[in-house]
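The values are calculated or read from the model by the stated rules, or taken from the named source; none is laboratory data. In this text, all values refer to a predicted model and were calculated from it rather than measured experimentally. Here Cβ is always computed from backbone atoms with ideal geometry, including for glycine, and neighbour counts include all displayed protein chains. Accessible surface is based on the protein model in full, side chains and every heavy atom, while ligands, DNA and RNA are left aside. Shrake-Rupley method; radii C 1.70, N 1.55, O 1.52, S 1.80 Å.
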Amino acid sequence: MSAPPTPRADMDALLTMLWEEHKDEIHKQLGVIGQALAAAEAAELDDDLLKRAAGEAHKLAGSIGTLGFTAGSE
């Protein structure tokens, strides 16, 4: 007979499910942020890309904050 799942195992399973469900969108968001960083390093960052990257960063911070990772959302 197996032991019931622990809260940690439940959280790990939930995070795995959420990652699989949303990883493509997260990679796109990180890509926009990466583009903005590269443009900033080359002194070519325009307002549109800056706004897009800031929006994606805000969404990512909100997502991880919702999951209880408050330090990461700051």
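When the helices of the chain are scored as -39500 (n - 2.57) per DSSP H run of n ≥ 4 and the total is divided over every residue, the value at 222 nm lands at -27500 deg cm²/dmol.
For the chain, the dipole from Cβ point charges (+1 on Lys and Arg, -1 on Asp and Glu) about the Cα centre works out to 240 debye, to the nearest 20.
Using r as the Cβ-Cβ distance of Ala57 and Glu25, and R0 as 22 Å, what FRET efficiency do you calculate, to the nearest 0.05?
Efficiency, rounded to the nearest 0.05: 0.95.
Against the main long axis of the alpha-carbon atoms of the chain, helix 7-41 sits at an angle near 10°.
Full extension of the chain between Met17 and Thr66 yields a length gain of 16.1 nm, computed as 0.36 nm times the residue separation minus the alpha carbon distance.
If you count only protein heavy atoms with a 1.4 Å probe, what accessible area per residue comes out for the chain, rounded to a whole Å²?
Numbers: 5800 Å² over 74 residues.
Here the residues of the chain average 78 Å² of exposed surface.
Shape annotation for the chain: C-alpha extents along the principal axes are 62, 22, 16 Å, from largest to smallest.
Using 0.36 nm per residue and subtracting the Cα-Cα separation, the extra length available between Ala43 and Asp10 on full extension is 7.3 nm. Can you give me the angle between helix 47-66 and the longest principal axis of the chain, using Cα atoms only, in degrees from 0 to 90, rounded to the nearest 10? Helix 47-66 sits roughly 10 degrees off the main axis of the chain.
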